[in-house]
Amino acid sequence: MYDLVIIGSGVTGYSAAMYGARLDLSVAVIGNVDGGTITLTDDVANYPGYIQLTGKELADKIKEHALDYPIFTEMGTVIDIFRDEQNFFYIVTENKSFLTKSIIIATGMKERELEVPGHDQLKNKGVSYCALCDAPLYKDKVVAVVGGSDSAAKEALLLAKYCPKVYIIYRREKIRPEPINATRIERESKIEVITNTNVTEILGQNKVTGVKLDRPYNGSDVLNLDGIFVAIGGIPYSELAAKLGVNLNEKGEIKIDRSSRTNVEGVYAAGDVVDSEFKQAITGVAEGVNAAYQAYKYVNENEFIFSCRQEE
Ligand SMILES: Cc1cc2nc3c(=O)[nH]c(=O)nc-3n(C[C@H](O)[C@H](O)[C@H](O)COP(=O)(O)OP(=O)(O)OC[C@H]3O[C@@H](n4cnc5c(N)ncnc54)[C@H](O)[C@@H]3O)c2cc1C
């Protein structure tokens, strides 16, 4: 029996674990990708305390800090979750089950796929979701990034270190990176931004040769490319929360209050999976710490009831 089980081994999950253990809770962290999404970037320059480091370095530091406390970690995927009649939670992975008094859901998001013809056949044959992982494969090649967020801009900047030409294709009027990255994009002559345009098809047989656009660019609705990097946001991993009766918004994000509480007592949530507008490492970390504090209060306020139930 744990006081607190955290589902998700990203920066949010490990920060929550660190704080929960600091508050003397018995804590377990279950996750299937150690370090989570931040490990996909080589440039984090907005996490207080570190002027610049890679995402992997940041994730490792946060994990190392958490594991300075007696935290149990389990690499695995949670496949089921339920609450018993005594109000304890069961969390089931492929190999184990965990019993706990409280839960923090810090499961993040999966990447949103570009749903156009050609995508499924050419995924990993020129269609990629991770510039950090794949950019070296496109050295001296022409590529495009689809998306207009700060993450998309950073993917393009990274690719420009390897590729002579990087297009950013975005459906709206203006891309919306952080100002510092907007300036970098403007100054990078290898990057060309195509706005008000959608990709309607990915072209190629066994590898990407180009994309079809919904309006002509430089007189053609086909853009010849060797690779396409998709960065169009994510879909929250909130199915487990929904199973517990946690309220989600229309995007499937977990609704939390300012203290990271969900509508279900004993269930807290934080990070990319929740309904906060601004999703960054620092915001997830703060929400995770709030969640851990609320779990601590919940466990302590209900300790007498919990101990009676355990004796039954
Ligand atoms: C390209 C890119 C660049 C970015 N750059 C920055 C930046 O410079 N600065 C910044 O602050 N933020 C940046 N971000 C955003 C940042 O990465 C996220 O906000 C942050 O990593 C969210 O952390 P998280 O722990 O909430 O979620 P995640 O990191 O996604 O972690 C969730 C974890 O839960 C696990 N999980 C999910 N479902 C289950 C399950 N059923 N069972 C077990 N485990 C499960 C996942 O595998 C993962 O390990 C960037 C994002 C991207 C994509």
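The values are calculated or read from the model by the stated rules, or taken from the named source; none is laboratory data. In this text, all values refer to a predicted model and were calculated from it rather than measured experimentally. Here the Cβ positions follow ideal geometry from the backbone for every residue, glycine too, while neighbour counts run over all protein chains shown. Heavy atoms of the whole protein, side chains included, go into the accessibility calculation; ligands, DNA and RNA do not. Shrake-Rupley method; radii C 1.70, N 1.55, O 1.52, S 1.80 Å.
Condition check: surrounded by 14 or more Cβ atoms within 10 Å (Cβ to Cβ), among the small types (Gly, Ala, Ser) and at pLDDT below 95. Does Gly266 satisfy that? Spell out the reasoning first.
On the way: surrounded by 14 or more Cβ atoms within 10 Å (Cβ to Cβ): yes; among the small types (Gly, Ala, Ser): yes; at pLDDT below 95: no.
So Gly266 fails the test.
Conditions (1) free of Cβ contacts under 8 Å to residues at least 24 places away in the same chain; (2) part of a loop (DSSP other than H, G, I, E, B); (3) not assigned by TED's automatic domain parsing to the domain that holds Leu132, marked per residue:
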site	(1), (2), (3)
Tyr19	no, no, yes
Ala59	no, no, yes
Glu64	yes, no, yes
Tyr69	no, yes, yes
Phe72	no, no, yes
Ile79	yes, no, yes
Gln86	no, yes, yes
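With the requirement that a residue be over 9 Å from Ala295 (Cβ atoms) and either assigned to a helix (DSSP H, G or I) or polar (S, T, N, Q) (or both), what does region 1-17 give you?
Residues satisfying the conditions are Ser9, Val11, Thr12, Gly13, Tyr14, Ser15, Ala17.
Quick one: which residue in Phe89, Phe82, Phe98 is surrounded by fewer than 14 Cβ atoms within 10 Å (Cβ to Cβ) and among the aromatic types (Phe, Trp, Tyr)?
Phe82
Looking at Gly31, Gly13, Gly8 in this structure, which one is farther than 20 Å from Arg261 by Cβ, near the ligand (Cβ under 8 Å from one of its atoms) and crowded, with 20+ Cβ neighbours inside 10 Å?
Values: Gly13 fails: farther than 20 Å from Arg261 by Cβ; Gly8 fails: farther than 20 Å from Arg261 by Cβ.
Residue meeting the stated conditions: Gly31.
Hey, among the residues in region 269-312 that are open to solvent by 70 Å² or more (accessible area, probe 1.4 Å) and within 22 Å of the chain's Cα centre (by Cα), which one's nearest to Val246 (Cα to Cα)?
Glu277
I'm trying to understand the selection: among the residues of region 113-156, which are within 11 Å of the ligand (Cβ to nearest atom) and either touching a strand residue (DSSP E or B) at 6+ places or on another chain (Cβ under 9 Å) or open to solvent by 70 Å² or more (accessible area, probe 1.4 Å) (or both)? Walk me through it before giving the result.
Looking only at region 113-156, we keep the residues that are within 11 Å of the ligand (Cβ to nearest atom), and these are 129-133, 145, 147, 149-156.
Those that are within 11 Å of the ligand (Cβ to nearest atom) and either touching a strand residue (DSSP E or B) at 6+ places or on another chain (Cβ under 9 Å) or open to solvent by 70 Å² or more (accessible area, probe 1.4 Å) (or both): Tyr129, Cys130, Ala131, Cys133, Val145, Gly147, Ser151, Ala152, Ala153, Glu155, Ala156.
Looking only at residues in region 216-247 that are touching a helix residue (DSSP H, G or I) at 6+ places or on another chain (Cβ under 7 Å) and farther than 16 Å from Lys110 by Cα, which one is nearest to the ligand (Cβ to nearest atom)?
Of everything passing the filter in region 216-247, Gly227 is nearest to the ligand (Cβ to nearest atom).
Among what's in region 40-53 and is more than 7 Å from the ligand (Cβ to nearest atom) and touching a residue at least 40 places away in the same chain (Cβ under 8 Å), pick the residue that is surrounded by the fewest Cβ atoms within 10 Å (Cβ to Cβ). So that I can check it myself, show each step before the final result.
Restricting attention to region 40-53, the residues satisfying the condition of being more than 7 Å from the ligand (Cβ to nearest atom) are 42, 48-53.
From what is left, the residues that are touching a residue at least 40 places away in the same chain (Cβ under 8 Å) are 42, 48.
Numbers: Asp42: 18, Pro48: 7.
Among those that are more than 7 Å from the ligand (Cβ to nearest atom) and touching a residue at least 40 places away in the same chain (Cβ under 8 Å), it is Pro48.
Could you tell me which numbered condition Asn224 fails, if it satisfies all but one of (1) in contact with a strand residue (DSSP E or B) (Cβ under 6 Å, 6 or more places away or on another chain); (2) surrounded by 15 or more Cβ atoms within 10 Å (Cβ to Cβ); (3) not β-branched (Val, Ile, Thr)?
Evaluating Asn224 over (1) in contact with a strand residue (DSSP E or B) (Cβ under 6 Å, 6 or more places away or on another chain); (2) surrounded by 15 or more Cβ atoms within 10 Å (Cβ to Cβ); (3) not β-branched (Val, Ile, Thr) leaves (2) as the failure.
Yes or no: region 247-255 includes at least one residue that is exposed (fewer than 13 other Cβ atoms within 10 Å of the Cβ), small (Gly, Ala, Ser) and in the same structural domain as Val273 (by TED's automatic domain parsing). Steps first, answer last, please.
Here is the first cut: in region 247-255, the residues exposed (fewer than 13 other Cβ atoms within 10 Å of the Cβ) are 249-251.
Next cut, small (Gly, Ala, Ser) only: none.
Within region 247-255, none of the residues are exposed (fewer than 13 other Cβ atoms within 10 Å of the Cβ), small (Gly, Ala, Ser) and in the same structural domain as Val273 (by TED's automatic domain parsing).
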